[in-house]
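Undergrad: Let me begin by handing over the structure; questions about it come next.
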Amino acid sequence: MVQATEPQTKLLKPRTKAGKRVLEKRAPKLVEDPKRALLVYGNKTSQTDAVKYSRNNSEMRPFEAGGEGALESHCARNNCSLFALGSHQKKRPHNLVLGRLFDFRLYDMVEFGVVAYRSVQSFGSGAAQAQLGNKPCFVFVGDVFENDPAMRQVKSLLLDYFRGRQVDNINLKGLDRVILVTQHPENKRVLLRQYTVRYKKSGTRVPRTELTEMGPALDLEVRRTRQPPVDLEKEACKRPKVDKKKGKVGRIYMPKQDVAGMALAKPKGVKRERRAAAAEAAAAKKQRREAGGGGAAAAAGGGGDGE
């Protein structure tokens, strides 16, 4: 098992406000967007019953030092946070690497060896009832998927691959397939089987279910695993702050307030009105003073003429 104890990728720090806004958009969300997967072929593949549309990618060697650069670039260009890399070598035949990215940086990955494979066509019409887009039901058999770190990582990776769009409710009639994952007790291989669900009448409100294998069936051998870097795992597990009062409506009872006696900040318009009123009062007072002084002088002049 390859475990990353030191940071292998540097966390981006914003230098400008625009860069800060871009990084905030990439931050963890309460409801994440549906994840997309990038399917690529390595230097050589062992597939035969498939149509390959892309060229070989010999530079994609994520388990080697510096080999994840091309993979991160392709995932960032296609907005993919999941990837599956198939390759075939003499040392590692029929190789399949499943991995995840966070902020378009390699997060973790598991390398499988495909020991046995049966396609959907080999099971006949078992997959005729399954519909595209429906969510499968996952069943992990055994305590090994909780106790073993490698198997716990396999479980988390498979759930991320088949999660799809996050929903609140699922219709029972839309549950048309079950994916069973278990580990063989002797050779420690991961056995992945897919069954279609058929609902039969049971005489009660709860229908009776029957499982029919529909394929594909895979026997996988866990070869190498890579744990996420410490700093990247801490950044990926960070949850955004939630406003607990958002969406809640209530009443607040307040006592009657004396607004007239409160020391409030006066706006400029009120200050101009107060200055204008003070100027008018001063002008009127001056006018009354002048009028009173002129009447007193006239009275004094009239008294002198009488003598």
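Undergrad: Open to solvent by 40 Å² or more (accessible area, probe 1.4 Å) and touching a helix residue (DSSP H, G or I) at 6+ places or on another chain (Cβ under 8 Å): is that true of VAL222 in this structure?
TA: Yes.
Undergrad: Any residue at all in segment 138-147 that's more than 23 Å from GLU213 (Cα to Cα) and either crowded, with 16+ Cβ neighbours inside 10 Å or hydrophobic (A, V, I, L, M, F, W, C) (or both)?
TA: yes
Undergrad: Just checking, which of ALA283, ALA300, ALA277 is more than 30 Å from PHE102 (Cα to Cα) and at pLDDT below 80?
TA: Answer to the selection: ALA300.
Undergrad: Residue by residue through segment 116-126, note down the ones that are under 23 Å from ASP160 (Cβ atoms) and among the aliphatic types (A, V, I, L, M).
TA: VAL120
Undergrad: Before we move on, is GLY42 surrounded by 14 or more Cβ atoms within 10 Å (Cβ to Cβ) and modelled with pLDDT under 75?
TA: When the stated conditions are applied, GLY42 passes them.
Undergrad: Hey, could you check segment 6-36 for residues that are open to solvent by 100 Å² or more (accessible area, probe 1.4 Å) and part of a loop (DSSP other than H, G, I, E, B) and say which is modelled with the lowest pLDDT?
TA: The qualifying residue modelled with the lowest pLDDT is GLU6.
Undergrad: Any chance segment 194-203 includes a residue that's of a type in the set (A, V, I, L, M), buried (at least 19 other Cβ atoms within 10 Å of the Cβ) and within 23 Å of PRO136 (Cα to Cα)?
TA: yes
Undergrad: Could you check ASP108 against (1) over 20 Å from ASP219 (Cα atoms); (2) open to solvent by less than 60 Å² (accessible area, probe 1.4 Å); (3) part of a loop (DSSP other than H, G, I, E, B) and say which number it fails?
TA: (3)
Undergrad: From the residues in segment 90-105 that are in a strand (DSSP E or B) and hydrophobic (A, V, I, L, M, F, W, C), which one is farthest from GLU72 (Cα to Cα)?
TA: Checking each candidate, the answer is LEU96.
The values are calculated or read from the model by the stated rules, or taken from the named source; none is laboratory data. Worth saying up front: this structure is predicted, and the values here are computed from it rather than measured. Neighbour counts are summed over all protein chains in view; Cβ atoms, including those assigned to glycine, are modelled from backbone coordinates with ideal geometry. Just so you know, the surface numbers come from the protein's heavy atoms only, side chains and all, with ligands and any DNA or RNA stripped out. Shrake-Rupley method; radii C 1.70, N 1.55, O 1.52, S 1.80 Å.
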